[in-house]
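**Q** First, the structure itself, so that you have it in front of you.
Derivation of every value follows stated rules applied to the coordinates shown; laboratory data play no part. What you are looking at is a predicted structure, and each value in this text was computed from that prediction instead of being measured. Note that each Cβ is placed from the backbone with ideal geometry, even for glycine, and that neighbours are counted across all protein chains shown.
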């Protein structure tokens with residue numbers, strides 16, 4: 001296996017960085033350092049472990065996110081502002097799961113890019129990074145929107161609204177998707193199929209061929225796709241805490257204490273989503289930054305470091321992929337309402353009608369997890385609800 005193409009998707013550390021184009025390879029090939037004495041590769045058992053993990057993430061993510069979308073779509077009283085953003089988040093995760101995992105598993109087991117000798121391979125070479133970055137952008141921007149939404153809910157703590165998706169939230173979701181697509185366009189433009197020879201073997205893989213974009217990409221991804229959601233959450237949650245401390249007293253607040261408790265529960269759920277996002281994605285960004293700053297092509301000890309980076313990179317990719325399936329699990333444990341709805345959708349044969357219709361609270365909305373009859377729906381809507 002080549003030292004980098006199969007593992008580092010944005011250019012091989014040992015070979016790819018000197019082969020951005022045909023002319024560049026001619027110039028840099030004579031000064032390339034000698035190859036590693038020991039082939040830097042991933043052991044077969046690691047491939048199989050990675051494949052098993054990927055299959056589990058694929059199944060759990062597909063079932064969990066699909067169920068989450070079904071819950072929000074089928075229950076009208078679940079169609080509120082934060083749940084609409086959560087649905088957008090789940091749809092972005094589904095894109096990541098269905099596109100990224102199968103391609104990564106194939107590359108790992110076959111040690112080659114799918115259809116690398118055909119036009120279909122070139123199309124996949126541009127489409128896969130584009131969809132990957134679109135999905136991550138959707139996740140990042142939705143988390144930012146959820147943090148802003150929680151602050152607005154607390155800042156207007158005396159406001160109680162009915163069920164429905166606010167126009168502002170709908171506009172935010174549309175903007176999130178449009179901006180995510182626009183920011184992912186450089187991935188489609190800058191990637192191409194690259195060939196190089198390693199140990200008398202010609203290898204084709206996908207890599208960024210735009211020199212400027214390749215130089216700034218890792219820092220751009222770390223800054224925007226990782227630091228921005230964390231900074232946004234920290235900023236608005238600090239404002240939210242100050243707002244809640246400033247309104248500790250007052251008869252209206254006492255009257256709405258249960259209502260505010262439910263809003264705090266949603267805020268806790270959003271905070272958990274952001275925290276898990278940070279834990280899942282930090283190792284991958286760390287791996288790429290280490291490759292950019294610590295790894296040197298002329299270092300005599302580069303082969304040992306490269307072996308470490310190969311393992312760290314695949315571990316990080318797996319952990320980042322886990323983030324796309326874990327959000328429904330977080331909501332299951334944090335939200336009583338989502339927990340009841342998941343049970344009714346996935347395990348309805350294990351629960352009586354009385355259990356399925358038990359009310360849970362999140363976002364200030366009382367719902368029945370089981371789809372209500374038309375005449376019961378109006379009765380449920382007469383209960384106090386809040387789209388925040």
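**Q** What distance in nm separates the two pseudo spin-label positions at residue 290 and residue 319, each 7 Å out from Cα along the beta-carbon direction?
**A** Taking the simple label geometry, residue 290 and residue 319 are separated by 1.0 nm.
**Q** If you don't mind, there's one more thing I want to ask. Of 215, 116, how do they rank once you tally other Cβ atoms within 10 Å and put the fewest first?
**A** 215, 116
**Q** What distance in nm separates the two pseudo spin-label positions at residue 182 and residue 110, each 7 Å out from Cα along the beta-carbon direction?
**A** 3.6 nm
**Q** Assuming R0 = 41 Å, what is the FRET efficiency of residue 174 and residue 49, from their Cβ-Cβ distance, to the nearest 0.05?
**A** Result of the calculation: an efficiency of 0.50.
**Q** Taking the Cβ-Cβ separation of residue 336 and residue 56 as r and a Förster radius of 30 Å, what is the calculated FRET efficiency to the nearest 0.05? Before the final figure, lay out the partial values.
**A** Numbers: r = 26 Å, r/R0 = 0.88.
Once rounded, the FRET efficiency stands at 0.70.
**Q** Based on the Cβ-Cβ distance of residue 231 and residue 346, what FRET efficiency does E = 1/(1 + (r/R0)^6) give at R0 = 30 Å, to the nearest 0.05?
**A** Values: r = 36 Å, r/R0 = 1.20.
Calculated value: 0.25.
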